[in-house]
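Sending over a structure as structure tokens; questions will come in a sec.
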Amino acid sequence: RCEGLPFAAKVLGDAIRHYDFGIRGWDVFLRNCIWKSPRIPKYMSKILSLSYCNLPLSVRRCLSYWAIFPKNFEISKTLLVQHWMAQGYLYSSDNLEMELKGEEYFKCLEAHSCFQYCTRDGGMLTCKMHSLVHDCVQSLSPYDLMMRFESVKQLTLNLSSWTEEVKVVGTHHLVMMIAQGAGFPMDISGAEKLRTLVAVTQGCLITSQALSNLFKQSKHLRLLDLSLTSGWHNCFGPSGQGNILDEIPVEICRLINLRYLSLAGSKVLKILPETLCDLHNLQSLDLTGCSSLRKLPDGMGKLMNLRYFYTWCCSSITSYPKGISCLTSLRELTNVIARADHNDAKEFTLGDFEKLNNLCGHVRVKLVGNAIDADEAIRANLWNKKDLDRIRINLDGDIGKESQDVIKKALNPPSDLNIEF
């Protein structure tokens with residue numbers, strides 16, 4: 001009856017603790033009385049509101065942010081923390097890392113029964129908010145906006161309007177639900193104060209001109225998700241379609257406050273502009289499923305604050321730029337192609353892992369070349385990668401399998417780092 005929400009059980013228990021009907025009376029009560037009473041949802045809403053007010057202000061902001069997601073939305077904890085990070089919610093006066101502060105806030109919300117459940121999907125922790133808590137959060141979040149955009153003909157949105165088609169609650173966070181076949185709006189009037197823009201669809205056309213107009217107007221954006229999917233791990237959308245985005249305009253450099261950018265599922269995107277590297281505050285870049293992307297910008301080394309870089313299924317990239325070696329804040333680097341035969345001046349090489357000591361979790365490395373340079377393997381300095389769990393190494397056809405032991409010995413990994421070939 002409480003749909004898995006412990007807090008609901010506590011509230012209902014408090015509401016009925018003075019009843020004493022005997023076994024038969026309780027049986028009738030269960031089947032008829034309390035569940036049909038309109039007072040109970042209102043009562044629970046009040047109690048949830050009080051619980052919300054008892055949370056620390058910093059945690060309240062993180063909980064309120066959930067109002068931008070639709071009901072029954074499921075998200076990984078890692079991605080949720082990246083969203084909070086992008087909004088500046090994880091500032092720590094005690095100099096804790098933002099990820100640790102995010103973990104602290106997440107556990108606090110979990111302890112307050114804000115999540116219906118937390119599960120592991122392929123080793124990834126995901127969570128979902130109970131519908132009662134979601135209703136409460138939305139009612140207490142006047143500055144968060146959930147907007148549904150389904151009209152094929154409506155190419156201009158006015159965030160200051162209130163019509164039957166577009167119901168606006170605020171102007172800081174915008175989620176657009178775009179129907180299949182509809183286009184991305186050419187102009188979003190009143191978007192000057194937007195901090196979040198997420199587009200969710202089964203596939204739609206995004207023109208370069210539409211993005212150029214958006215970038216010129218929304219200079220305060222901190223989070224931009226154009227993956228047009230319901231989750232970063234499902235990059236091809238619920239119907240198996242990615243978005244139609246073939247060009248990112250150079251005006252993206254205007255988004256100087258941008259912390260999070262997802263272009264996941266952009267299967268026809270072939271190139272990224274060099275001006276993307278002017279986004280010095282960027283912390284997360286998700287290119288998952290950009291299967292036609294041929295190369296990454298040469299100036300990647302300028303993204304000094306980049307912490308998460310996802311390139312799953314970017315099969316057309318043949319080399320990674322040297323600048324990645326300068327991204328010392330990187331915590332997750334899913335895939336990388338590295339030259340193993342020498343220290344190249346332009347391409348990322350095996351030895352360029354040297355300063356990436358904050359890497360966590362799993363990394364896939366494809367080694368290319370016609371030999372293994374032992375000096376490069378030693379320079380990779382794997383011994384200092386204390387938070388890495390596993391490295392999966394793909395050997396290029398020119399590098400024989402007999403080199404595996406030589407590579408392992410030269411890399412000199414810590415004993416708890418698992419290397420797979």
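The values are calculated or read from the model by the stated rules, or taken from the named source; none is laboratory data. Keep in mind that what you see is a predicted model, and the values were worked out from it rather than measured. Note that each Cβ is placed from the backbone with ideal geometry, even for glycine, and that neighbours are counted across all protein chains shown. Just the protein is used for accessible areas: all its heavy atoms, side chains included, with ligands, DNA and RNA removed. Shrake-Rupley method; radii C 1.70, N 1.55, O 1.52, S 1.80 Å.
One line per residue, one yes/no per condition, for (1) buried (at least 20 other Cβ atoms within 10 Å of the Cβ); (2) touching an Asp or Glu at 6+ places or on another chain (Cβ under 8 Å); (3) outside any loop (DSSP other than H, G, I, E, B):
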residue: MET176; (1), (2), (3): yes, no, yes
residue: GLY181; (1), (2), (3): no, no, no
residue: PRO185; (1), (2), (3): yes, no, no
residue: ILE188; (1), (2), (3): yes, no, yes
residue: LYS193; (1), (2), (3): no, no, no
residue: ALA199; (1), (2), (3): yes, yes, yes
residue: ASN213; (1), (2), (3): no, yes, yes
residue: LYS216; (1), (2), (3): no, yes, yes
residue: LYS219; (1), (2), (3): no, yes, no
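When only residues in region 323-335 that are out of contact with any helix residue (DSSP H, G or I) (no Cβ under 7 Å at 6 or more places or on another chain) and not in a loop (DSSP other than H, G, I, E, B) count, which is least open to solvent (accessible area, probe 1.4 Å)?
LEU333
Checking the structure you have, find out if any residue of region 257-272 is open to solvent by 10 Å² or more (accessible area, probe 1.4 Å), of a type outside the set (A, V, I, L, M) and at positive phi.
Within region 257-272, none of the residues are open to solvent by 10 Å² or more (accessible area, probe 1.4 Å), of a type outside the set (A, V, I, L, M) and at positive phi.
For (1) in contact with a Lys or Arg (Cβ under 7 Å, 6 or more places away or on another chain); (2) at pLDDT below 85; (3) not aliphatic (A, V, I, L, M), each residue gets a yes or a no:
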position	(1), (2), (3)
GLU97	no, no, yes
GLY102	no, no, yes
PHE149	no, yes, yes
VAL175	no, yes, no
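So, ASP352, is that one assigned to a helix (DSSP H, G or I), of a type outside the set (Ser, Thr, Tyr) and in contact with a helix residue (DSSP H, G or I) (Cβ under 7 Å, 6 or more places away or on another chain) or not?
yes
Could you grab me the full set of residues in region 46-70 that are open to solvent by 40 Å² or more (accessible area, probe 1.4 Å) and under 18 Å from the mean Cα position of the chain (by Cα)? I'd like the intermediate steps shown before the answer.
Start the filter on region 46-70 by keeping residues that are open to solvent by 40 Å² or more (accessible area, probe 1.4 Å), which leaves 46-47, 50, 53-54, 56-57, 60-61, 70.
Hits for region 46-70 are ARG61, PRO70.
Here's another thing I want to ask about it. Of the residues CYS253, CYS235, which single one is modelled with pLDDT of 95 or more, over 30 Å from LYS408 (Cβ atoms) and surrounded by 16 or more Cβ atoms within 10 Å (Cβ to Cβ)?
Every option except CYS253 fails the conditions.
Can you work out which of the residues in region 347-388 that are under 20 Å from SER284 (Cβ atoms) and polar (S, T, N, Q) is surrounded by the most Cβ atoms within 10 Å (Cβ to Cβ)?
ASN358
Can you tell me which residue among LEU269, LEU261, LEU276, LEU293 is at pLDDT 90 or above and in a strand (DSSP E or B)?
Numbers: LEU269 fails: in a strand (DSSP E or B); LEU276 fails: in a strand (DSSP E or B); LEU293 fails: in a strand (DSSP E or B).
None of the others qualify; the one that does is LEU261.
For region 1-91, please list each of the helices (runs of 4 or more DSSP H) lying entirely inside it that holds at least 3 residues being over 17 Å from GLU104 (Cα atoms), modelled with pLDDT under 75 and aliphatic (A, V, I, L, M).
Numbers: elements: 6-16, 22-28, 39-53, 57-64, 77-86.
Qualifying helices (runs of 4 or more DSSP H): 6-16, 39-53.
Can you find, within region 389-398, the residue that is least open to solvent (accessible area, probe 1.4 Å) among those that are among the charged types (D, E, K, R) and modelled with pLDDT under 90?
ASP396
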